[in-house]
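Read through the structure below, which is laid out as structure tokens, and then see the notes.
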Amino acid sequence: MASKTKKTPAADRGAPQIDIGLSEKDRRRIADGLSAFLADSYTLYLKTHNFHWNVTGPMFNTLHNMFMTQYTEEWTALDEIAERIRALGFTAPGSYAEFVRLSSIKEEQSPDGLDWKAMVRQLVTGNEAVCRTARKVIKVADAAGDDPSADLATQRLQVHEKNAWMLRSLLE
């Protein structure tokens, strides 16, 4: 004897469409901006951690500790950015190839042969690049009325402006 199966309404199959008050087009534009922001942030994190490991010279202790403070804070922020992309309904980039393609921060000379001043200069430049990318995201998010993305980018902007200033002060 055949059993009767109850038909499930279409609305009960799978996840519902995202309806958070932002159009798919706006969510895509914001997610694309956040993806570039994530790539810049990850690239800066990696560079900062690398310099933490490899700094030498008379500023070793000061910079080793400063870089650790910065890369630890940067690492935590990566998750927030990626999760915001996911909340908007898109996949966060997560490979080196994607980060290289999306990042405005280009690879420079490895730490081998760099003095501490060259490391600090690269980190000033990297923090400022993250700032510029954050400002782009803020504009796109503001135009769409996406306060959480604008707030996230604004908070990160404040951190990276401060880091750039502190690092730059070491070179004056």
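The values are calculated or read from the model by the stated rules, or taken from the named source; none is laboratory data. Since the model is a prediction, treat every value here as computed from it, not as a measurement. FYI the Cβ positions are ideal-geometry reconstructions off the backbone, even for glycines, and counts take in every protein chain you see. The area values use the complete protein model at the heavy-atom level, side chains included, leaving out ligands, DNA and RNA. Shrake-Rupley method; radii C 1.70, N 1.55, O 1.52, S 1.80 Å.
Heavy atoms only, 1.4 Å probe, whole protein assembly: order Ile81, Ile138 by accessible area, highest first. Could the numbers behind the result be given before it?
Values: Ile81 0, Ile138 25 Å².
Highest to lowest solvent-accessible surface, that is Ile138, Ile81.
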Problem set entry | the chain - percent relative contact order, Cα under 8 Å, separation 6 or more | 29
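At a 1.4 Å probe radius, carbon and sulfur cover how many percent of the accessible area of the chain?
Working: 5500 of 10390 Å².
Ligands and nucleic acids excluded, carbon and sulfur give 53 percent.
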For this session: Calculate one ³J(HN,Hα) per residue across the stretch 60-68 by plugging θ = phi - 60° into the Karplus curve 6.51 cos²θ - 1.76 cosθ + 1.60, and present them in order as whole Hz with x for glycine and proline.
Result: 3, 4, 4, 6, 4, 6, 4, 4, 5
For this session: From the P(r) of the chain, can you give the percent of Cα pairs sitting at distances over 27 Å?
Result: 36
Exercise. List the trypsin sites (Lys or Arg not before Pro) in the stretch 50-118 that DSSP assigns to loop (not H, G, I, E or B) and whose Cβ has at most 11 other Cβ atoms within 10 Å. Which are they?
Worked result: Lys106
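Just by accessible area at a 1.4 angstrom probe, what is the order of Leu114, Leu34 from largest to smallest? Don't skip to the answer; put the middle values down first.
Numbers: Leu114 25, Leu34 0 Å².
Listed by decreasing accessible area, they come as Leu114, Leu34.
With a 1.4 Å probe and all protein chains left in place, how much accessible area per residue does the chain have, in Å²?
Values: 10390 Å² over 172 residues.
So the chain comes to 60 Å² accessible per residue, rounded to a whole number.
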Exercise. When only Cα pairs under 8 Å and 6 or more residues apart are kept, what is the percent relative contact order across the stretch 50-142?
Worked result: 34
